[in-house]
Amino acid sequence: MNNFASFTNNKNKFLILGCGFSGSFFSKKIRKLGCTALTSSRSENKDPNSFVFDSEKDIVPNDKIFDGVTHVLSCIPPDKKGSDPVLKSLHNTLERLPLEWVGYLSTTGVYGNTKGDWVSEIDNPNPLQKRSLNRLNCEKEWINSGLPVQIFRLPGIYGPGRSTFEAIRNQKIRIISKKNQVFSRIHVADITNAIIYLLQNKNSLKFHQIINIADDEPCSQIEVIQYCYDLLGLKMPKPMLFEEAKKQLSPIAQSFWMENRRVSNKLLCEKLGYKLIYKNYKLGLKNCYLNS
Ligand SMILES: NC(=O)c1ccc[n+]([C@@H]2O[C@H](COP(=O)([O-])OP(=O)(O)OC[C@H]3O[C@@H](n4cnc5c(N)ncnc54)[C@H](OP(=O)(O)O)[C@@H]3O)[C@@H](O)[C@H]2O)c1
């Protein structure tokens, strides 16, 4: 078990920019540990800890929001031009704060296609898709920002409320088989816990600016879908071969199948000692099944 004792009741104040799926999971956990967490979204809502930030509409938070902020986590993807929305709108403001740490959620898409081979942080990025080139550009913007930034490269994120179960229930599931194709994944709870674990180890920021957060077992989509049908007690329909299915896929959906890689978590889990809560899709999906 990872021990978060030193975070309890501390005076850290977090800004979570982009409180979507991962951001809201993180903010809930960090509050439970006694920290303050303010979260952004693009529209007003009733949450008193939430504020509006929309880089496209030039809506930026007022100065009061930034008072006493020690930590920032950005979960916002690149803008349409491929730049980072947070740095574009808030760099000057963030520079003036006495920040201890800035986290940026990136993607393992920056590694491109390794034809099924393992890929780690020491490998050179080789993005294939425009969106991954944009992402790599944002990573560079953060690294050059002068802020104490740590970048987390994430594969497919899932968790309660966003998993294969929802796709099955909403009849949006596509069961596609492509020989030797694997995907890496990460349960949202492990993103949160790994980041908090790393925050307690200050040397991890000094020596490791880029860290993959992925589970131990990349595998095919079919294995994941089959496991969900089994848990639901339903029979999985017959898969379609990728070559057939691709005619029906949107260009973006097709592009996901053009990349085949296994994302290594050795830096996080072996060198830095983080213990995954959900080592593989079976453990993670069981949690989704019980909580959705
Ligand atoms: N989903 C995946 O499988 C996956 C895999 C790897 C990496 N990632 C990346 O990891 C990060 C977190 O992923 P997620 O799935 O948790 O994200 P998410 O649920 O899609 O949330 C993204 C957040 O960014 C906010 N946002 C988007 N554009 C914005 C802008 N121009 N100005 C201000 N706020 C903006 C959204 O605001 P609203 O709340 O108002 O919508 C939302 O809160 C993202 O950068 C994502 O691209 C995702």
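Is it true that some residue in the range 272-284 is among the hydrophobic types (A, V, I, L, M, F, W, C) and in a helix (DSSP H, G or I)? Lay out the reasoning, then the answer.
Step one: filter the range 272-284 for residues among the hydrophobic types (A, V, I, L, M, F, W, C), giving 272, 276-277, 283.
Adding the requirement that they be in a helix (DSSP H, G or I) leaves 283.
Yes, there is a match, as at least one residue in the range 272-284 is among the hydrophobic types (A, V, I, L, M, F, W, C) and in a helix (DSSP H, G or I).
Out of all the residues in the range 212-220, is one or more acidic (Asp, Glu), under 16 Å from THR107 (Cβ atoms) and modelled with pLDDT of 95 or more?
Yes, the range 212-220 contains at least one residue that is acidic (Asp, Glu), under 16 Å from THR107 (Cβ atoms) and modelled with pLDDT of 95 or more.
Residue by residue through the range 13-23, note down the ones that are surrounded by fewer than 20 Cβ atoms within 10 Å (Cβ to Cβ) and either free of Cβ contacts under 8 Å to residues at least 40 places away in the same chain or more than 14 Å from the ligand (Cβ to nearest atom) (or both).
Restricting attention to the range 13-23, the residues satisfying the condition of being surrounded by fewer than 20 Cβ atoms within 10 Å (Cβ to Cβ) are 13, 20-21.
Of everything in the range 13-23, just one residue is surrounded by fewer than 20 Cβ atoms within 10 Å (Cβ to Cβ) and either free of Cβ contacts under 8 Å to residues at least 40 places away in the same chain or more than 14 Å from the ligand (Cβ to nearest atom) (or both), namely LYS13.
List every residue pair whose Cβ atoms lie under 7 Å apart, where the two residues are 6 or more positions apart in sequence or sit on different chains, the first residue falls within the range 152-169 and is within 18 Å of ASP190 (Cα to Cα) and open to solvent by 20 Å² or more (accessible area, probe 1.4 Å), and the second residue, located anywhere, is of a type outside the set (Val, Ile, Thr) and within 8 Å of the ligand (Cβ to nearest atom).
If the second residue must be of a type outside the set (Val, Ile, Thr) and within 8 Å of the ligand (Cβ to nearest atom), the pairs left are ILE157/PHE21; ILE157/SER22; ARG162/PHE21.
Report whether or not VAL60 is more than 8 Å from the ligand (Cβ to nearest atom), in contact (Cβ under 8 Å) with a residue 24 or more places away in the chain, hydrophobic (A, V, I, L, M, F, W, C) and open to solvent by less than 50 Å² (accessible area, probe 1.4 Å).
So VAL60 fails the test.
What pairs can you find where one residue is in the range 30-52 and more than 17 Å from ILE76 (Cβ to Cβ), the other is surrounded by 13 or more Cβ atoms within 10 Å (Cβ to Cβ) and among the hydroxyl-bearing types (Ser, Thr, Tyr), and their Cβ atoms are less than 7 Å apart, with a gap of 6+ or different chains?
ASN49/THR39
Conditions tested, residue by residue: (1) at pLDDT below 95; (2) of a type in the set (A, V, I, L, M, F, W, C); (3) open to solvent by less than 10 Å² (accessible area, probe 1.4 Å).
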| position | (1), (2), (3) |
| --- | --- |
| VAL188 | no, yes, yes |
| LYS202 | yes, no, no |
| PHE207 | yes, yes, no |
| LEU234 | no, yes, no |
| LYS246 | yes, no, no |
| ASN260 | no, no, no |
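Restricting attention to the range 70-97, which residues are of a type outside the set (D, E, K, R), within 13 Å of the ligand (Cβ to nearest atom), without any contact (Cβ under 8 Å) to a residue 40 or more places away in the chain and open to solvent by 30 Å² or more (accessible area, probe 1.4 Å)?
Once the filter is applied, which keeps residues that are of a type outside the set (D, E, K, R), within 13 Å of the ligand (Cβ to nearest atom), without any contact (Cβ under 8 Å) to a residue 40 or more places away in the chain and open to solvent by 30 Å² or more (accessible area, probe 1.4 Å), the range 70-97 yields only SER89.
May I ask you to list pairs of residues, at least six apart or on different chains, whose Cβ atoms are under 7 Å apart, with the first in the range 98-116 being at positive phi and the second being part of a strand (DSSP E or B) and more than 10 Å from the ligand (Cβ to nearest atom)?
GLY116/ARG262
Only residues that are within 14 Å of the ligand (Cβ to nearest atom) and in contact with a strand residue (DSSP E or B) (Cβ under 8 Å, 6 or more places away or on another chain): list them for the range 120-142, please.
SER132, ARG135, CYS138, GLU139, TRP142, listed by residue number.
Take the residues in the range 143-191 that are within 11 Å of the ligand (Cβ to nearest atom) and assigned to a helix (DSSP H, G or I); name whichever of them is nearest to GLU223 (Cα to Cα).
VAL188
Go through (1) open to solvent by less than 30 Å² (accessible area, probe 1.4 Å); (2) of a type in the set (Phe, Trp, Tyr); (3) more than 11 Å from the ligand (Cβ to nearest atom) for TYR104 and report which single condition fails.
(3)
The values are calculated or read from the model by the stated rules, or taken from the named source; none is laboratory data. Everything quoted here is computed from the prediction, not taken from an experiment. Neighbour counts run over all protein chains shown; Cβ positions are idealised from the backbone, glycine included. Note: areas computed on protein heavy atoms with side chains; ligands, DNA, RNA excluded. Shrake-Rupley method; radii C 1.70, N 1.55, O 1.52, S 1.80 Å.
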